[in-house]
Amino acid sequence: MTTFQQSTVLCKQAQSFLDREVQHLLIDGENVPAASGQTLTTVNPSTGEVLARLAAGDEVDIDRAVHAARKAFNGPWSTWSPYQRQALLTRIAQVLDEHFEELIEIEALDMGAPLSRLRNTKPAMMKMLSFFASQAVGISGETLMNGIPGKVTTMTLKAPVGVIGGIIPWNGPLNSQFWIIGAVLASGCTAVLKPSEDASLSVLRVAEILHEAGMPSGVINVVTGLGKKAGHALAAHPDVDRIAFTGSTETGRSIIQASTVNIKKLQLELGGKSADIVCADADLDKAVPGAAMGVFANSGQICFAGTRVLVQRSIVDKFTERLLAFTETLRVGHSLDATATLGPVISRSQLDKVLSYIDVGRDEGAELLCGGQRIGGELEHGYFVQPSVFGGVTNEMRIAREEIFGPVMSILPFDEVDEAIAVANDSDYGLGGAVWSQSLSTAFRVVHGVHTGTMWVNCYGHIDPLVGFSGTKLSGYGSKGSAAHMDTYLYTKSVYMEL
Ligand code: NAD
């Protein structure tokens with residue numbers, strides 16, 4: 001244990017949650033052990049020490065949870081009016097507000113993001129809940145004209161699709177779970193959530209808080225466990241109507257295959273290798289920190305991280321010098337250290353993966369300009385990597401093509417804007433991307449030219465539920481946010497009425 005951790009006092013609720021001997025599943029409003037009695041451990045990535053013991057759910061537990069969710073879907077919950085569901089979401093926002101410090105402490109210890117970063121995510125969580133509360137009272141079909149002889153009235157109705165399987169990754173579950181929970185509660189669906197085995201705690205604790213706020217039992221259930229067991233069982237369960245999945249492209253493929261059993265509807269938010277294009281006329285006061293944090297935020301564990309930084313050749317030296325100076329100011333530390341801007345990566349295997357990509361970059365002939373090492377000293381037991389920058393990268397190199405999911409930036413010089421657009425598009429992925437330029441016409445040329453689900457101009461990473469966020473190509477499909485998001489939790493019924 002580091003001196004730092006020994007001196008840290010958690011709030012009472014977070015401590016008492018973490019003191020539980022085993023974190024059980026949450027099915028039908030009850031904390032229950034896995035049917036097999038098996039458990040698995042989860043580790044604090046800042047120290048490498050065991051943080052908690054989780055119930056290792058499997059297909060038996062998934063079946064129990066799906067049954068509870070189906071029973072709730074058909075029960076009194078189905079009679080709740082839109083106003084009642086809206087009021088529940090509003091109440092949940094209030095209760096979460098009261099529990100926020102506790103939740104960010106649990107999340108910081110479980111997945112390693114520093115408290116300073118997590119504290120800043122509160123407005124995003126509250127916006128999501130407020131967005132979904134508004135959506136609860138906005139569900140509507142249409143009355144439509146028709147060409148049928150006689151007096152036939154035609155309309156469409158919207159109805160909740162049923163039981164949702166929500167499969168969540170480890171890189172920010174405290175916030176990302178609300179893309180599913182919000183839409184489930186607003187639409188009248190029910191759900192079984194399967195968080196990542198590396199970061200399940202905030203999902204378990206939030207589910208308890210939802211019940212405290214008045215959510216009926218069975219509406220949201222949580223089964224922890226391994227992806228290949230519990231996750232696969234959820235994707236393959238014949239009584240789950242839709243899967244909302246965020247995670248890697250490889251897992252997305254296996255979910256598509258498993259979902260064919262009952263032709264589930266799918267929303268897949270997958271990996272990325274986004275291009276961040278810095279033109280010669282960019283305002284470097286904004287572009288340098290913007291591009292740096294577009295990669296290093298959350299220690300590089302963000303799906304839309306702009307890891308390929310394409311810089312116009314005439315400013316490469318100036319940009320790189322300023323970028324390296326900015327990178328020096330980033331403080332990597334224990335997630336509970338109030339002065340840390342970056343924490344560790346999630347696990348030993350992720351650390352090894354990131355370090356092996358740094359070796360790959362060197363072997364491919366890219367120039368390592370800073371970082372590249374695991375951090376030692378007080379942090380030696382945690383999974384800390386120095387923020388790392390490669391210069392002279394070409395788009396053929398593996399570090400420019402494959403998702404690293406760690407604090408590793410590649411700088412690729414370009415001459416003409418059209419060349420930058422072509423390089424940005426020369427990727428299997430299509431998730432995020434940005435352009436930095438003071439010329440509106442250059443910016444729009446890039447926005448129109450790059451094949452990606454989301455583009456930022458002179459900024460990086462803003463997401464608002466009213467606007468939405470989505471991917472294309474191997475980055476998946478299905479919008480998070482916007483009316484399109486809600487629509488995928490509903491199905492349309494066409495009605496022909498002869499009176
Ligand atoms: P992952 O695919 O390994 O795991 C994601 C979830 O799927 C976990 O809960 C895991 O237990 C589960 N899972 C694993 N195998 C499964 C299987 N065979 N069937 C069903 N479920 C299974 O991803 P990860 O390593 O947790 O997260 C990192 C990846 O997620 C990166 O590729 C990142 O780009 C992506 N991601 C995408 C977005 C987005 O919005 N596009 C957001 C965050 C993360």
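Rundown of residues vs (1) on the phi > 0 side of the Ramachandran plot; (2) assigned by TED's automatic domain parsing to the domain that holds PHE319; (3) open to solvent by less than 50 Å² (accessible area, probe 1.4 Å); (4) within 24 Å of the chain's Cα centre (by Cα), yes/no style:
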{"position": "VAL354", "(1), (2), (3), (4)": "no, yes, yes, yes"}
{"position": "ASP359", "(1), (2), (3), (4)": "no, yes, no, no"}
{"position": "ALA366", "(1), (2), (3), (4)": "no, yes, yes, no"}
{"position": "LEU369", "(1), (2), (3), (4)": "no, yes, no, no"}
{"position": "GLU380", "(1), (2), (3), (4)": "no, yes, no, no"}
{"position": "GLN386", "(1), (2), (3), (4)": "no, yes, no, yes"}
{"position": "GLY391", "(1), (2), (3), (4)": "no, yes, yes, no"}
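Taking LEU234 as the residue in question, decide whether it is at pLDDT 95 or above and away from the ligand (no atom under 15 Å from the Cβ). No.
Considering only residues that are assigned to a strand (DSSP E or B) and within 12 Å of the ligand (Cβ to nearest atom), look in region 451-472 and name the one that is nearest to ASP428 (Cα to Cα). Checked region 451-472; the qualifying residue nearest to ASP428 (Cα to Cα) is THR472.
Any chance region 49-59 includes a residue that's within 30 Å of ILE375 (Cα to Cα), in a helix (DSSP H, G or I) and at pLDDT 95 or above? Scanning region 49-59 turns up no residue that is within 30 Å of ILE375 (Cα to Cα), in a helix (DSSP H, G or I) and at pLDDT 95 or above. Only one entry in PRO169, PRO216 is within 11 Å of the ligand (Cβ to nearest atom) and open to solvent by 20 Å² or more (accessible area, probe 1.4 Å), namely PRO169.
Yes/no matrix, rows are residues, columns are (1) aromatic (Phe, Trp, Tyr); (2) at pLDDT 95 or above:
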{"site": "ASP426", "(1), (2)": "no, yes"}
{"site": "TYR429", "(1), (2)": "yes, yes"}
{"site": "GLY432", "(1), (2)": "no, yes"}
{"site": "CYS459", "(1), (2)": "no, yes"}
{"site": "HIS462", "(1), (2)": "no, yes"}
{"site": "GLY471", "(1), (2)": "no, yes"}
{"site": "GLY481", "(1), (2)": "no, no"}
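So for region 225-237 (the condition being assigned to a helix (DSSP H, G or I), among the charged types (D, E, K, R), in the same structural domain as LEU26 (by TED's automatic domain parsing) and open to solvent by 20 Å² or more (accessible area, probe 1.4 Å)), does at least one residue qualify? Looking for residues that are assigned to a helix (DSSP H, G or I), among the charged types (D, E, K, R), in the same structural domain as LEU26 (by TED's automatic domain parsing) and open to solvent by 20 Å² or more (accessible area, probe 1.4 Å), one finds at least one in region 225-237, hence yes.
Taking the conditions (1) touching a strand residue (DSSP E or B) at 6+ places or on another chain (Cβ under 7 Å); (2) within 14 Å of the ligand (Cβ to nearest atom); (3) without any contact (Cβ under 8 Å) to a residue 60 or more places away in the chain in turn, THR307 satisfies each one other than (3).
The values are calculated or read from the model by the stated rules, or taken from the named source; none is laboratory data. These figures come from a predicted structure and were not determined experimentally. Glycine also receives a Cβ, built like all others from the backbone with ideal geometry; neighbour counts cover every protein chain displayed. We work out accessible area using only protein heavy atoms, side chains counted, and drop any ligands, DNA or RNA first. Shrake-Rupley method; radii C 1.70, N 1.55, O 1.52, S 1.80 Å.
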